[in-house]
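Input: a single structure, listed below in structure tokens.
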Amino acid sequence: MFHYSNQDLYCENVPLADIARQAGTPAYVYSSAIILENYRAYDEALGALPHTVCYAVKANSSLGILALLAKAGAGFDIVSGGELYRVMRAGGDPAKVVFSGVGKTAGEVDYALESGIHMFNCESEPELALIDALAARRGVKAGFAIRVNPDVDASTHPYISTGLREHKFGIDIADAEAVYERARDLPNLTAEGVSCHIGSQLMDTNPILEATERVLALVERLRAKGFAIGQIDLGGGLGVAYQAHEQAPEIRGFVAQVRARLEGRGLRVTIEPGRSIVGRAGVLLTRVLYRKKSAEKEFVVVDAAMNDLIRPSLYRSHHEIIPLRKTGRPEIVADVVGPVCETGDFLARGRNMANAAPGDYLAVETAGAYGFVQSSNYNSRPRAPEILVEGDTFRTIRARETYADLVRGEVK
């Protein structure tokens with residue numbers, strides 16, 4: 001849905017330069033068509049198998065995007081009370097919400113119980129005890145799944161790998177049966193399923209399939225002990241291509257492999273994709289401020305910075321950077337850097353890129369996931385707006401912050 005026409009870069013049917021001129025830069029722009037296409041790929045590939053596609057809110061929590069997915073029928077995977085609030089404000093169905101995360105507070109659990117969410121993915125025995133106690137106060141039973149750690153290496157960045165014994169997430173799969181047994185003594189809990197999630201940005205689907213087999217074996221052992229396990233939550237984590245030469249897993253093909261393992265098991269499946277739904281649906285628009293040369297390097301100084309998109313600085317991640325208008329000028333090799341007072345403030349280093357002049361606009365690709373949600377006001381920089389494109393129209397779903405927004409809630 002991002003394509004060039006007559007040398008100009010479009011999102012769906014809208015020239016991105018028009019958005020840059022009207023909304024200013026930096027600005028995040030999302031394609032509604034790509035988001036819906038990716039969501040439907042999961043939903044349709046699961047077919048008649050009982051399922052819920054729970055979008056991982058942490059990937060991009062803009063109300064406009066949550067509302068788009070809620071209208072399409074999506075459920076939601078949340079990791080905080082704030083994310084639940086966003087889902088509710090966006091019109092999401094709390095009965096299609098699963099609450100994951102290793103550090104749920106009493107206030108967050110109580111809010112989730114009050115809202116009537118579907119299930120908690122629990123990561124420790126103290127968490128189970130807390131949910132039981134709070135459910136007792138409300139006179140309700142809370143459904144739960146234990147997030148098991150299958151000790152499968154996801155082969156991804158160490159910061160986003162979650163499936164090994166050394167990680168903080170989940171309960172060792174070898175200990176899970178005993179934990180389920182002890183949970184029988186918690187009268188306000190109902191063991192509804194088993195959950196796992198081994199990491200993010202997975203380009204090889206074999207670890208997910210291996211984890212699925214281990215979780216299915218656990219389900220059968222639990223059923224043999226009298227647990228009425230009717231659900232399996234396989235998490236998310238499917239990767240996207242950040243570089244032109246990369247080949248990301250195809251959603252429908254991957255889901256077909258999962259479905260083949262689940263059919264006939266009498267299980268309802270929940271999957272929690274985030275990045276693979278919104279990652280390639282978004283770009284960060286930025287404008288070139290200056291060109292600068294040192295003895296060894298050439299710099300393209302732009303108005304977007306690490307506070308707008310921290311992934312290159314935090315993960316050394318690669319995002320393609322392309323011009324909003326092709327000029328035919330020969331490419332250059334440069335560092336693309338922002339205005340923040342940190343040497344670590346860069347969007348690219350040593351990049352072969354368009355020969356962009358001051359005033360030219362650039363698009364940082366594949367910025368729809370973990371872009372705006374990780375942005376900050378560092379250096380007292382107002383956060384960028386978010387724009388949603390729908391066919392030949394676009395609308396602002398988050399206004400650009402003002403200087404007044406920077407001090408909202410502060411006193412002197």
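The values are calculated or read from the model by the stated rules, or taken from the named source; none is laboratory data. Every value quoted in this text rests on a predicted model; they were computed, and no experiment measured them. Cβ coordinates were reconstructed from backbone atoms using ideal geometry, including for glycine residues, and neighbour counts include every protein chain displayed.
Is it the case that some residue within the range 327-340 is touching a His at 6+ places or on another chain (Cβ under 8 Å) and of a type in the set (Asp, Glu)? Outline the logic, then answer.
Our first condition is that a residue be touching a His at 6+ places or on another chain (Cβ under 8 Å); within the range 327-340, this holds for none.
No, the range 327-340 contains no residue that is touching a His at 6+ places or on another chain (Cβ under 8 Å) and of a type in the set (Asp, Glu).
Scan the range 323-339 for residues that are under 28 Å from residue 375 (Cβ atoms) and part of a loop (DSSP other than H, G, I, E, B) and jot them down.
Listed by number, the residues that qualify are 324, 338, 339.
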Every residue in the range 269-321 that is of a type in the set (Gly, Ala, Ser) and either in the same structural domain as residue 200 (by TED's automatic domain parsing) or buried (at least 16 other Cβ atoms within 10 Å of the Cβ) (or both), please. 274, 276, 279, 281, 282, 304, 305, 313, 317
With the checklist (1) over 12 Å from residue 312 (Cα atoms); (2) surrounded by 20 or more Cβ atoms within 10 Å (Cβ to Cβ) in hand, flag the one item residue 376 doesn't pass. (2)
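Tell me which strands (runs of 3 or more DSSP E) are completely within the range 60-129 and hold 1 or more residues being among the β-branched types (Val, Ile, Thr) and closer than 20 Å to residue 235 by Cα, or say none if there are none. Break it down stepwise before answering.
Numbers: elements: 75-78, 97-99, 119-122.
Ranges flagged: 75-78, 97-99.
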Any idea which of 362, 324 is at pLDDT 95 or above, within 25 Å of residue 4 (Cα to Cα), crowded, with 16+ Cβ neighbours inside 10 Å and in contact with a Phe, Trp or Tyr (Cβ under 9 Å, 6 or more places away or on another chain)? 324
Would you pick out the residues in the range 340-353 that are among the aliphatic types (A, V, I, L, M) and part of a strand (DSSP E or B)? 347, 348, 353
Any idea which of (1) in contact with a strand residue (DSSP E or B) (Cβ under 6 Å, 6 or more places away or on another chain); (2) within 23 Å of residue 257 (Cα to Cα); (3) β-branched (Val, Ile, Thr); (4) at pLDDT 85 or above is the one residue 162 doesn't satisfy? (4)
Members of the range 272-296 found to be in a loop (DSSP other than H, G, I, E, B) and touching a Gly at 6+ places or on another chain (Cβ under 8 Å), listed by number: 272, 273, 274
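Okay, residues lined up against (1) among the β-branched types (Val, Ile, Thr); (2) closer than 17 Å to residue 198 by Cβ; (3) surrounded by fewer than 19 Cβ atoms within 10 Å (Cβ to Cβ):
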site: 227; (1), (2), (3): no, no, no
site: 230; (1), (2), (3): no, no, yes
site: 234; (1), (2), (3): no, yes, no
site: 243; (1), (2), (3): no, no, yes
site: 267; (1), (2), (3): no, no, no
Report yes if residue 332 is under 21 Å from residue 279 (Cβ atoms) and of a type in the set (Val, Ile, Thr), otherwise no. no
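Looking at 92, 75, 64, can you tell me which residue is over 16 Å from the mean Cα position of the chain (by Cα) and small (Gly, Ala, Ser)?
Details: 75 fails: over 16 Å from the mean Cα position of the chain (by Cα); 64 fails: over 16 Å from the mean Cα position of the chain (by Cα).
Of 92, 75, 64, the one residue that is over 16 Å from the mean Cα position of the chain (by Cα) and small (Gly, Ala, Ser) is 92.
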